[in-house]
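Below: the structure, in structure tokens.
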Amino acid sequence: MRPSAPAADGISVFAKGLNGPRGLKFGPEGDLYVAEAGLGGPTSTVGKCEQVPTPVGPYTGGKTARISKISPKGKRTTVVDNLPSASAALPTHDTEGVADIAFIGDTLYALISGAGCSHGVPDVPNGVIRVDQKKHTWQPLANLSAFSAAHPAAHPDLADFEPDGTWFSLIAVHNKLYAT
């Protein structure tokens, strides 16, 4: 891959137009795939469910996350969009959405970490999804919000508590997916 815009300071911009890039993986065809957290959204679930405590929470959510594919020449295309995204309260502005991606063979999977009621996206839980790249659609595989609720931390740090969990990484090993 070659950068598209060499800079005087030795840093080159390879692709533009990404919203909160997170996990990066090369796909089976050699293109670079990027998990994007998105921009959050306007939906608040305060009073409807347990919230992420201040100063980080409460979050507001929407469906602005996506997965992009970057060609060897640096052209960005959308693989799938309208995925859950959540933005933290002031002053942090932390945004969560698609946290990471993984491939098993030619099949693309994604880890959603900006969803669930506590992130302002009550109709979609945090979880693992399978992406149909031809149809630009996705389907849920694992509900990690439910897993977090069923397996609470014995001694949670209340300043860092997120009711729907905080998921960062998705790894494929021997045709199995592991989320951390």
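We did not get these values from a lab; they are worked out from the coordinates using the rules stated. On a predicted model such as this, the values are computed, not experimentally measured, just so you know. Note that each Cβ is placed from the backbone with ideal geometry, even for glycine, and that neighbours are counted across all protein chains shown.
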Residue by residue, what Karplus-based ³J(HN,Hα) values in Hz, rounded to whole numbers, does segment 34-45 have, using 6.51, -1.76 and 1.60 with θ = phi - 60° and x for Gly and Pro? 10, 7, 10, 5, x, 10, x, x, x, 7, 10, 10
In which sequence would Tyr33, Tyr178 go, from the one with the fewest C-beta neighbours within 10 Å to the one with the most? Tyr178, Tyr33
Could you count how many Lys pairs in the chain have their Cα atoms under 21 Å apart, skipping same-chain pairs fewer than 8 positions apart? 18
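For segment 10-78, what is the convex hull (Cα atoms) projected area averaged across all directions, in square nanometres?
Values: hull surface 27.7 nm².
Value for segment 10-78: 6.9 nm².
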Along the charge dipole of the chain, which of His93, Ala172, Phe103 sits closest to the positive end, that is, farthest toward it, with unit charges on the beta carbon of Lys, Arg, Asp and Glu (+1, +1, -1, -1)? Phe103
Compactness of segment 14-179 - radius of gyration and Dmax, Cα, Å: 15.5, 48
Which of Glu36, Glu96, Glu162 fluctuates most in a GNM of the chain (C-alpha springs under 10 Å)? That residue is Glu162
So what is the calculated 222 nm ellipticity per residue for the chain, using -39500 (n - 2.57) for each DSSP H run with n of 4 or more, over all residues, to the nearest 500 deg cm²/dmol? -1000 deg cm²/dmol
Residues meeting the amide H criterion for Ile104 (H placed from the backbone, H to H distance under 5 Å, 5 or more places apart or on another chain) are Tyr109
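Considering only the other residues whose Cβ falls under 14 Å of the Cβ of Thr95, what net charge follows from Lys and Arg at +1 and Asp and Glu at -1? Present the calculation step by step, with values, prior to reporting the outcome.
On the way: positive: Arg22, Lys63, Arg66; negative: Glu36, Asp94, Glu96, Glu162.
Local charge sum for Thr95: -1.
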Most fluctuating residue of Ala86, Ala154, Ala99 in a GNM of the chain with Cα springs under 10 Å: which is it? Ala154
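Suppose a student asked you for the relative contact order of segment 14-179, using Cα pairs under 8 Å spaced at least 6 residues apart; what percent would you report? Display every interim value, and only then the final one.
Values: 468 pairs, mean separation 34.2, N = 166.
With pairs under 8 Å counted, the relative contact order is 21 percent.
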